[in-house]
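Here is the structure we will look at.
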């Protein structure tokens, strides 16, 4: 074996491989950490709150600009208009009409009221789940009052792991 040559990945290794250690922080967080841009499918979706609680870049209703993470988490409320807006935005990505450098990683649906969804809205959520990963965020009374302290709400552990907000 020659020395001084750059080695490729050891593809014949079986079993779990340790993740690379994070390097020094960059403008977008630790090297190797995945960063996200939160994009609202409609006004009032909850983008600012989610970015504050889970971290990431708050894009409001705009596509991520220069320097913002290219991985998008699309946010919508679970009312009829919010779900329709989410479907329209997902279709933009599906048809290739979203900016080509962006990746739609998941849809995040924020409860528009406490309690269970009516059947027709739950069916719309299922149709979205059939084409893309969906994370649901429950109604959080403290958020309504502006209290964003504390851990992410129960039931959102997969979203917290995805965004790096999990302890």
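Read-outs throughout are calculated quantities, based only on the coordinates presented, and are distinct from any laboratory measurement. Bear in mind the structure is a predicted one, so any value in this text is a computation, not a measurement. Here the Cβ is made from the backbone with ideal geometry for all residues, glycine too, and neighbour counts use every protein chain on show.
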* Structure fact -> Expressed in angstrom, Rg and Dmax over the Cα atoms of the range 98-167 are 14.0, 38
* **Size of the range 53-123 as Cα extents on the principal axes (Å, biggest first)** => 39, 31, 16
* Asked: P(r) for the range 33-163: what percent of alpha-carbon pairs falls in each 10 Å bin, starting at zero?
  -> 13, 48, 34, 6, 0
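Starting from the Cα-Cα distance between residue 122 and residue 52, subtract it from 0.36 nm times their residue separation and give me the gain in nm to one decimal. Could you put the intermediate results ahead of the total?
Numbers: separation 70, 0.36 × 70 = 25.20 nm, distance 2.70 nm.
Difference between extended and current length: 22.5 nm.
Using a 10 Å cut-off around each Cβ, can you sort 57, 79 from fewest to most neighbouring Cβ atoms?
Numbers: 57 20, 79 17.
Fewest to most other Cβ atoms nearby, the residues stand as 79, 57.
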